Every structure is written in C-alpha cells, then in structure tokens.
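Asks: Let me begin by handing over the structure; questions about it come next.
The values are calculated or read from the model by the stated rules, or taken from the named source; none is laboratory data. Note that the coordinates shown come from a computational prediction; the quantities given were computed from them, not determined experimentally. Cβ placement follows ideal geometry from the backbone for every residue including glycine, while neighbour counts extend to all protein chains displayed. The protein model used for the area step is the full one, side chains on, heavy atoms only, and it has no ligands, DNA or RNA in it. Shrake-Rupley method; radii C 1.70, N 1.55, O 1.52, S 1.80 Å.
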Amino acid sequence: MKSRRMKHEGVLHTALSCDDILCNILIRLPPESITKFVIVSKRWLHLICSSSFRHSYLSRWRVGFNLLGFFVCNSLYLGRPKGGARRPRSEPALPLLSSSREGDDLKFSGVLKKLGYFIDSSDGLLLCGRHPKTYFVWNPITKQQHKLPHPRVHFEELCMAFIVEDSPDDEICYRVVRAKCESRFEEVNVVTIETFLSKISTWCYSKLRCSSTISLSPWTSGTVIGGVIHWYAAQGNIAIYDPYHHEKHIALVKLPGPFDFDEQVLGESSDGCLQYGWSCKAGLQIWVLEKGFDGYSSLFSTNEQSSLSWSLRYKLNFKIMWRKNPTLATKCVTRKETEILAFSPQDSKSVFIRSGSSIYLYHIGSGRMEVIQYQGRGSSILSDFSKVVPYFKRAWPQSTLCCGGNSST
C-alpha cells in the first residue's frame, strides 16, 4: 500500500512538474480559485501571471475589474491653442479621484505629475501626455513609464485610441492611434492616421477610406471593443475602424435618435455588442448595435451595404431612480443635474452616474444605487469642460517577474 501511494505521488509530482499539464489543470479552475494558487511557489506565480496563460484563461473565463478611481479631464487644456486658457498652478494636470488603496498609492506616488494630461487607458495601462507630440505609457505593474518617440506628422486637431494587445511572450505590446480631425471637409472621405506599434517602436502613416463624408470629433478618445476602435464623428455618427482588417476602411454608423444630448458614452454589452448610452435632464437611454451573422464585418466591406440596426435595451427616468433610493436622494442635498458617466466593464447593466460632485453606481436590473466613495476635490468635476473617466485594472494576479519592457523618463 505504501509503495503504491509513493508511486502515485511520484506520478502526480511528475505531472505537476510539466508546465503544459499544470496549465491544463489550472485553466479549468474558476477565477475565485485561480488567484489563491500564486502563493504555492514562484514557478506557479510566474506561470499564472504569464501573458500566454492569462490569454488562454481569459478566453474561457470572465474575469472582473477593479476600480482604482476616476480621472478628471479638462478639455480646455487638451490641445490648447496659442492664447488659450492656461491651467492654474494650483490645479493638477492629471487629477485622480481615488476610490481604492491602489488608487491612493498611485495618486501620492508623484508619478502622475510627470505624465502630462490623461488621454486614455487600456487594461490598466495609462496613455498620457501633451498634444501634439509628447506621449507616455505608464505600466502599473512595473511602475515604469515609456516615452514614445515624437510622431512624424503634425495634426492641428486629432482624436486618439489606445489598445493593449495580446502577446505570445511576456512583453507588453500596445498600439497608439492618432487620427486627424478635419474641421473642413477638405478630404471628404479620407481619415489620415498615424499608428505607433510598440513591437517595432515606430509610427506608421496611413489613410483610411470611407464610403461617405466623414469628420471625427476632436480631442476625444476612442472606445475599443475586441480590438475595434469606435470614435464619435460629426452629424451624430460613430466611426468604426478595425486596425486588424486587411482593408484600410473606416465605416460610419448613425446613432439612434437625436444626437444633441448632454452626455454620451460608449461601451461593450454583456453579449459583446457596441453599447451606446445618453442622458438628459429627464433620464437616460441605453441602445445596442445588434450584430449581423458575420458580426460587424459587413461594415468594412466597400461592396456591401450594412444592415445593422440599433435596439433600445434600457430606459430610465431620473425622478423614478431617486424615488427608489430615498436615502441617497436626501443626502444629495445639492441635487445638481444628474448625468451618465460610463458603463461598468463588469456588468453592462450597471452604469456610473454623477450628480454634482457625487458619483454613484446604478444597477438597472434591481434599481439599486450605491455611492462611490473617493478621495479628492469633488469641486474639480463640476466644470462644464470636465469629463470624468473611471480607471479600471483587470483583477488578475500580477508579478514583476513576468513583465518586460523598457522604461524611459
């Protein structure tokens, strides 16, 4: 019996010593279990934190996000023209309303003072800088910043997008896209872009063709869903660009209904569709762009007419929302205009809402609201030119042993 047990333990030890077998075992465990095994050994920590295992695991399991806080972006200073408004010295360039311990560490580390203004974030990485030529990518795991080389082309007005890409090794790969915004339709159906690829550390110039007249909204950041970029465009349109598609084509999709709402947000629905929300004084609506049999691929074919359509999924009256949450309505003494901020990446049925300097998470299904406590000056989000952007990082084990990349100041 003893020899049989020893033989069994030997087989088990041999099996667990093989990374492929161990990966096949770990990938079957739910997220709440997988994070506990990083303390078994350095080998297990390195394997679980590796980008290859992470990619395989996330393709099978849905892993949540941690909210670190909210960045406040003031459009008055972003791309400021000569003679434009200057930021007061008392006002930080990159204000963070921290809602977590990790957010506190970031806020008081001093690193935000070196990065310029907030532009975008992707999978926890920050894209910051000063238009039109100084950009930084900051890695929250390694605590290092990478300064991008100066772009080759000058754009008077532009919008951007930031994508963190899957990599077969443990090197963090990303692309930064700068798109020229035409205030006058000089190139009626062309969008000029410049893309920085971290793998080759250079900017690449290209032109995107559109089947109709197009003008992107300046000083905005694109919403990325499955690697596809979505930008706001003039005349109530959304411009959709797939950087991985073989055709250099950008498509326009008309937003549902009027497009002069106070606040508009884009996000991803729980079934992987483009989700669009807007709010006005009375309430908010959430729409979803339904996919065709080939997903959104028909948008990028110059020979086919897209038949994609929007469907209304949720409608909310703010008066009813406050009536269902009387305690919070009483505490919100100022009762400033209520507006939508962003979708929650963990649940497309939950939205961040702000009223004055207060921020809430509203759960559409239950009608329940919860206050988001944050540290920072709430008055900094009251400006008409301020946009409040939640900063998330995926709830995944991290180790500096698994992170490559160069740093530069």
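Asks: Can you pull out every residue in the range 211-232 that is closer than 25 Å to Gly272 by Cα and hydrophobic (A, V, I, L, M, F, W, C)? Quick ask: steps written out before the conclusion?
Replies: Kept after step one, since they are closer than 25 Å to Gly272 by Cα, are these residues of the range 211-232: 216-217, 220-232.
Within the range 211-232, Leu216, Val224, Ile225, Val228, Ile229, Trp231 qualify.
Asks: Quickly run through the range 99-126 and pick out the residues that are part of a helix (DSSP H, G or I) and open to solvent by 50 Å² or more (accessible area, probe 1.4 Å).
Replies: At the first step, the residues of the range 99-126 found to be part of a helix (DSSP H, G or I) are 101-108, 111-114.
Those that are part of a helix (DSSP H, G or I) and open to solvent by 50 Å² or more (accessible area, probe 1.4 Å): Arg101, Glu102, Asp105, Lys107, Phe108, Lys113, Lys114.
Asks: Looking at the structure I just gave you, is Val153 modelled with pLDDT under 95 and either open to solvent by 40 Å² or more (accessible area, probe 1.4 Å) or β-branched (Val, Ile, Thr) (or both)? Talk me through it step by step, then tell me what you get.
Replies: Values: modelled with pLDDT under 95: yes; either open to solvent by 40 Å² or more (accessible area, probe 1.4 Å) or β-branched (Val, Ile, Thr) (or both): yes.
Yes.
Asks: Looking at the range 26-47 only, could you name the residues that are of a type in the set (A, V, I, L, M, F, W, C) and closer than 11 Å to Trp396 by Cα?
Replies: Our first condition is that a residue be of a type in the set (A, V, I, L, M, F, W, C); within the range 26-47, this holds for 26-27, 29, 34, 37-40, 44-45, 47.
Answer for the range 26-47, where residues must be of a type in the set (A, V, I, L, M, F, W, C) and closer than 11 Å to Trp396 by Cα: Ile34, Val38.
Asks: Within the range 83-115, track down each residue that is aliphatic (A, V, I, L, M) and in contact (Cβ under 8 Å) with a residue 40 or more places away in the chain.
Replies: Keep residues of the range 83-115 that are aliphatic (A, V, I, L, M), which gives 85, 93-94, 96-97, 106, 111-112, 115.
Residues satisfying the conditions are Leu96, Leu97.
Asks: On to the next question. Does Lys199 satisfy the condition of being touching a residue at least 12 places away in the same chain (Cβ under 8 Å), open to solvent by 40 Å² or more (accessible area, probe 1.4 Å), under 26 Å from Phe118 (Cβ atoms) and in contact with an Asp or Glu (Cβ under 9 Å, 6 or more places away or on another chain)? Spell out how you get there, then give the answer.
Replies: On the way: touching a residue at least 12 places away in the same chain (Cβ under 8 Å): yes; open to solvent by 40 Å² or more (accessible area, probe 1.4 Å): yes; under 26 Å from Phe118 (Cβ atoms): yes; in contact with an Asp or Glu (Cβ under 9 Å, 6 or more places away or on another chain): yes.
It is true that Lys199 is touching a residue at least 12 places away in the same chain (Cβ under 8 Å), open to solvent by 40 Å² or more (accessible area, probe 1.4 Å), under 26 Å from Phe118 (Cβ atoms) and in contact with an Asp or Glu (Cβ under 9 Å, 6 or more places away or on another chain).
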